[in-house]
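**Student:** Mind having a look at this structure? Questions to follow.
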Amino acid sequence: MVDIKLLEHLESFLSENRLKRFHHVLSGRTKHFTVATEDVYQLHNTSAVIRSCDVFGIQEVTIVEEKNSKRIDREIAMGAQKWVDLNRHNTVKDALKSLKNEGYQIIATTPHTNDCELHDFDVTKKACFFFGRETEGLSQEVLDQADGFLKIPMVGFTESLNISVSAAIILQHVTTKLKKTDINWQLTENEILEKRLDWCTKTIKSHEEIVERYYEENNN
């Protein structure tokens, strides 16, 4: 549980505009949808996907690094990694197990005989959108474990989009559609409190000293 008094103490060090921004952004955050990238080779692609997740209110991103393990490109993500929770896994198997345990259906974003076009996608169920490597696409393991397949309709000569572009298009569509439903898609009250505290610590440079002093003063 979040220490409310500590949270309020930390928030007193933030500007009123920053506090309003936190509350506004958190009101649009969701865990109803999430995104997973599988061994994406180009660093800027993963970073750009994280940035799109932040823009469209996706709170969690799963990064599978079974073959390619790289740091997040801070310049491309433009700070988005501070506001989006990154869940890293060394194997696809572990990532799939974790996501399914959290109640997510696995949606493979790849053309398939049983695929669903974006405009027909059912947003009422929790879903994790899986994006694969630039050339090879998703692994057979993800395809075998997928609960559904999703594609973006295209009419040009090009048969595919860059994964970061695909992610942005899909997330914009599904989040817009989701917010028009009666589904309780927002973060829980406790999740919001946790993120407020987390974002405070990521914003206040001297937060460790402030927290230490707070507990010293309140334990005496």
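The values are calculated or read from the model by the stated rules, or taken from the named source; none is laboratory data. On a predicted model such as this, the values are computed, not experimentally measured, just so you know. Quick reminder, even Gly has a Cβ in these numbers, built from the backbone with ideal geometry, and neighbours come from all protein chains shown. Just so you know, the surface numbers come from the protein's heavy atoms only, side chains and all, with ligands and any DNA or RNA stripped out. Shrake-Rupley method; radii C 1.70, N 1.55, O 1.52, S 1.80 Å.
**Student:** So, for the chain, what is the accessible surface per residue at a probe of 1.4 Å, expressed in square angstrom?
**Tutor:** Spelled out: the 1.4 Å probe surface of the chain, per residue, equals 56 Å².
**Student:** Among the lysines, select those whose C-alpha is under 18 Å from the C-alpha of K97, and discard any that sit fewer than 8 residues away in the same chain.
**Tutor:** Correct list for K97: K31, K125, K126.
**Student:** Using 17 Å as the cut-off for backbone N distance, which residues of the range 29-57 belong to the label zone defined by a point 7 Å from the Cα of H173 along Cα→Cβ?
**Tutor:** 33-36, 53, 56
**Student:** Now for a different question. Say the dipole of the range 95-220 comes from +1 at the beta carbon of Lys and Arg and -1 at that of Asp and Glu; which of A168, Y104, H119 then lies farthest toward its positive end?
**Tutor:** H119
**Student:** Okay, next question. Sticking with the crude label model, points 7 Å out along Cα→Cβ, report the distance from S12 to N87 in nm, one decimal please.
**Tutor:** Here the answer is 3.6 nm between the modelled labels.
**Student:** Moving on. Ignoring everything except DSSP H segments at least 4 long, calculate the 222 nm mean residue ellipticity for the chain; use -39,500 (n - 2.57) per segment, divide by total residues, nearest 500.
**Tutor:** It comes out at -13500 deg cm²/dmol, rounded to the nearest 500.
**Student:** Further, regarding this structure: Work out, step by step, the length gained on full extension between T181 and E212: first 0.36 nm times the residue separation, then minus their alpha carbon distance; give nm to one decimal.
**Tutor:** Full-extension gain reported as 6.8 nm.
**Student:** If you take the square roots of the eigenvalues of the alpha-carbon gyration tensor of the range 162-210 and sort them as a ≥ b ≥ c, do you get rounded (a/c under 1.5), prolate (a/b over b/c) or oblate?
**Tutor:** oblate
**Student:** Return the label of the correct value of Cα extents along the principal axes in Å, as calculated from the structure shown, out of [x] 66, 39, 32; [y] 64, 38, 26; [z] 74, 37, 33.
**Tutor:** Comparing each candidate, only [x] matches the computed number.
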